[in-house]
1. Of the conditions (1) under 25 Å from residue 125 (Cβ atoms); (2) not in a loop (DSSP other than H, G, I, E, B), residue 249 satisfies every one except a single condition; which number is it?
2. Output the residue which, of all residues in the stretch 205-230 that are without any contact (Cβ under 8 Å) to a residue 40 or more places away in the chain and assigned to a strand (DSSP E or B), is farthest from residue 189 (Cα to Cα).
3. Residues of the stretch 88-132 being touching a helix residue (DSSP H, G or I) at 6+ places or on another chain (Cβ under 8 Å) and either buried (at least 24 other Cβ atoms within 10 Å of the Cβ) or outside the structural domain of residue 171 (by TED's automatic domain parsing) (or both), which ones?
4. Name the strands (runs of 3 or more DSSP E) wholly within the stretch 34-104 that hold at least 1 residues that are out of contact with any strand residue (DSSP E or B) (no Cβ under 8 Å at 6 or more places or on another chain)?
5. Here are some residues: 288, 233, 258, 299. Which one is assigned to a loop (DSSP other than H, G, I, E, B), modelled with pLDDT under 90, surrounded by 15 or more Cβ atoms within 10 Å (Cβ to Cβ) and touching a strand residue (DSSP E or B) at 6+ places or on another chain (Cβ under 9 Å)?
């Protein structure tokens with residue numbers, strides 16, 4: 001009996017020792033800006049664990065860094081009245097470069113005025129004007145990225161070094177860069193859903209988005225009025241495999257090929273048959289091996305002496321001659337009508353319209 005009591009006493013002491021050694025479960029705190037902290041970065045520095053930083057409406061001239069913290073940074077009244085402005089700061093407006101995961105959340109901000117980070121390449125090759133992610137996978141919700149720029153990659157957003165960023169219900173508009181005027185993805189698996197990517201400009205390729213060695217999933221997005229000076233007005237893929245589903249392409253333009261999507265080197269992204277290309281010039285082209293999941297087939301279309309890559313219905317509606325699925329505009333050099341020296345408007349026929357154009361040109365020349 002005495003031995004049993006001694007054993008019970010030892011067990012009780014052991015339990016108490018373990019209880020003392022275990023830390024108390026941390027309670028998430030809420031830090032408000034500017035009440036509890038003067039700046040957003042000050043609030044991030046104070047935050048621990050699963051804390052929430054709530055930001056009041058206003059314009060904050062800051063470039064912030066999450067410093068690897070799994071916290072939620074959220075505006076109280078939404079992106080339209082809460083602005084993170086990187087004007088004259090010479091950096092990305094938001095940085096996740098310390099292994100942040102999905103529990104690092106940015107919710108409800110307008111992000112503008114960023115000029116990109118210089119540390120990755122050089123002062124003349126900046127990346128990630130609005131948001132820079134390196135080996136990090138934060139969650140970005142309900143944000144507006146507008147009027148950011150970088151000189152090299154990712155005018156609004158740069159996802160690099162295997163960053164699997166989740167971007168949901170965001171607007172990415174009027175940003176510029178050399179590659180990926182809106183978004184640049186490098187060697188990662190980001191997910192971009194329910195977002196509108198519009199009016200972005202790339203001085204080389206990928207007006208809306210440039211994917212390099214990435215597996216990007218794009219769900220229920222809209223690509224509108226994006227421009228590229230080379231290929232891929234909407235999306236430029238290079239050595240990339242991904243999925244585009246239930247998305248809409250409207251009036252995207254590249255100077256050379258792939259107004260909507262350009263399939264670059266070793267790319268095999270799937271565009272499912274729920275995707276829509278609303279204008280005849282929203283074309284998919286390139287030689288990388290793009291696969292349209294079902295239904296729509298693309299090929300070369302002779303219109304006059306010109307050529308576009310479109311589906312058969314669009315070609316017929318435009319009065320063109322479709323050369324068949326997977327044909328290219330290189331093929332049209334042998335098939336489409338050769339230009340006639342008198343065919344001024346290049347419609348394949350020398351007629352009265354050409355004569356009128358010639359006479360109008362002569363009249364204008366004489367007036368000058």
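The values are calculated or read from the model by the stated rules, or taken from the named source; none is laboratory data. Remember, it's a predicted structure, so these values are computed and weren't measured experimentally. Heads up, the Cβs are rebuilt from the backbone with ideal geometry, glycines too, and the neighbour counts pull from every protein chain shown.
1. Looking at each condition in turn, residue 249 falls short on (1).
2. By that ranking, first place goes to 224.
3. Of all residues in the stretch 88-132, those touching a helix residue (DSSP H, G or I) at 6+ places or on another chain (Cβ under 8 Å) come to 108-110.
Within the stretch 88-132, 109 is the sole residue that qualifies.
4. On the way: elements: 52-55, 58-60, 72-75, 82-85, 94-96.
Of the strands (runs of 3 or more DSSP E) lying wholly inside the stretch 34-104, none has at least 1 residues that are out of contact with any strand residue (DSSP E or B) (no Cβ under 8 Å at 6 or more places or on another chain).
5. Numbers: 233 fails: modelled with pLDDT under 90; 258 fails: modelled with pLDDT under 90; 299 fails: assigned to a loop (DSSP other than H, G, I, E, B).
Of 288, 233, 258, 299, the one residue that is assigned to a loop (DSSP other than H, G, I, E, B), modelled with pLDDT under 90, surrounded by 15 or more Cβ atoms within 10 Å (Cβ to Cβ) and touching a strand residue (DSSP E or B) at 6+ places or on another chain (Cβ under 9 Å) is 288.
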